[in-house]
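Q: For reference, the structure I am asking about is given below.
The values are calculated or read from the model by the stated rules, or taken from the named source; none is laboratory data. Everything quoted here is computed from the prediction, not taken from an experiment. Cβ: placed from backbone, ideal geometry, glycine included. Neighbour counts: every protein chain shown. Please note that ligands, DNA and RNA were not included when accessible areas were found on the heavy atoms of the full protein model with its side chains. Shrake-Rupley method; radii C 1.70, N 1.55, O 1.52, S 1.80 Å.
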2 protein chains.
Amino acid sequence: MHKIQMYICLMYSSELIKGTLKTLVLNLLAKHDRMYGYEITQHVKERTEEKIQLTEGALYPLLHRLEADGLLTTEKVSIGKRVRKYYKLTKTGKQAATTLSDEFRQFSKTMNKLLDTFQSKPQLQWLN
Amino acid sequence: MHKIQMYICLMYSSELIKGTLKTLVLNLLAKHDRMYGYEITQHVKERTEEKIQLTEGALYPLLHRLEADGLLTTEKVSIGKRVRKYYKLTKTGKQAATTLSDEFRQFSKTMNKLLDTFQSKPQLQWLN
DNA sequence: CTTAATACCTAAGAAAATTATGCATTAAGA
DNA sequence: TCTTAATGCATAATTTTCTTAGGTATTAAG
């Protein structure tokens, strides 16, 4: 007897994440005080029902960039023999988080308005 | 006597456009049947009160890619000695427009939800 | 004992935008 | 009339950033 599972891919085209990754990460840190990389990927995955999945190849370089830019500071914590690297917002980082968050909200409003004027057809319903 | 003008930059950080340009262009064409490149830039600029400004360096290569991918067809029209290049959606292009539009709507909902859980502080008001 | 999950990282390549051009026509203004 | 701004196309070099595909190591679970 085999158990058969079917998956429907609900993930967004990764294109959309592109302009938004920094906004996402900074605001996650604004809420959680400190987080480590892997934690960030899991958190986003859970909170979006797997729809947004951050790849480590994109995340870690971003975190390093943000640290280099002075938006984050790091702190290493040993868990047994493993070392976690926690990231925390600086003051500048907090400001950036707010700015980017507001910017995204406004942008998505503008975009949705544009898209609405484009097509007046009834909205398709999404699986979820 | 000099005329002094002050500008307040209301434009979005161009980061956000990145994942969205294709969605925007295809849906603009879905609404307008046919448009030429320059017209697209002006239309978006006007409809968004200058907040979204498409650069030609991004737009034209995109249009060429979309044509190469079979989402658009072109048609050249002479206006005096100038030649306009009109773009029009193919059937595939129309489908893509709808898909991407729905995807964006859903994505922005998800993102906004995430951002809302991040910070419960009162929203900053935006100029305009 | 082996696999999955946790946890970090980087390098090569691809994709797409920015910046900076270039050319030409036409309208508007000094 | 002369010059500038607007219209209209386009590309090339560079940069940025993501994807893909690895690598290492620890710990939990089966």
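Q: Taking the residues in the range B:27-39 that are within 12 Å of residue A:114 (Cβ to Cβ) and within 12 Å of the chain's Cα centre (by Cα) as candidates, determine which candidate is nearest to the other protein chains (Cβ to nearest Cβ).
A: Top of the filtered list is B:27.
Every residue, every condition in (1) within 23 Å of residue A:102 (Cβ to Cβ); (2) among the hydrophobic types (A, V, I, L, M, F, W, C); (3) in contact with a His (Cβ under 7 Å, 6 or more places away or on another chain), yes or no:
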residue: A:44; (1), (2), (3): yes, yes, no
residue: A:47; (1), (2), (3): yes, no, no
residue: A:71; (1), (2), (3): yes, yes, no
residue: A:75; (1), (2), (3): no, no, no
residue: A:79; (1), (2), (3): no, yes, no
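Q: Just give me the residues in the range A:37-54 being within 10 Å of DNA strand C (Cβ to nearest atom) and open to solvent by 90 Å² or more (accessible area, probe 1.4 Å), in sequence order.
A: A:38
Q: Taking the range B:82-116 as the search range and keeping residues that are part of a helix (DSSP H, G or I) and of a type in the set (A, V, I, L, M), which one is surrounded by the most Cβ atoms within 10 Å (Cβ to Cβ)?
A: Filtering first and then ranking leaves B:97.
Q: Further question: Looking at (1) modelled with pLDDT of 95 or more; (2) over 17 Å from residue A:111 (Cβ atoms), which is the one condition that is false for residue B:79?
A: Just one mismatch for residue B:79, condition (1).
Q: Let me ask another. Which of the residues belonging to the range B:69-81 are open to solvent by 40 Å² or more (accessible area, probe 1.4 Å) and either part of a helix (DSSP H, G or I) or within 13 Å of DNA strand C (Cβ to nearest atom) (or both)?
A: Scanning the range B:69-81 gives B:69, B:78, B:79, B:80, B:81.
Condition check ((1) hydrophobic (A, V, I, L, M, F, W, C); (2) within 12 Å of DNA strand D (Cβ to nearest atom); (3) modelled with pLDDT under 95) across all residues:
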position	(1), (2), (3)
B:9	yes, no, yes
B:16	yes, yes, yes
B:25	yes, no, no
B:31	no, no, yes
B:34	no, yes, no
B:39	no, yes, no
B:45	no, yes, yes
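Q: Hey, does the range B:55-68 have a residue that's exposed (fewer than 15 other Cβ atoms within 10 Å of the Cβ), at pLDDT below 95 and among the charged types (D, E, K, R)?
A: No, every residue in the range B:55-68 fails to be exposed (fewer than 15 other Cβ atoms within 10 Å of the Cβ), at pLDDT below 95 and among the charged types (D, E, K, R).
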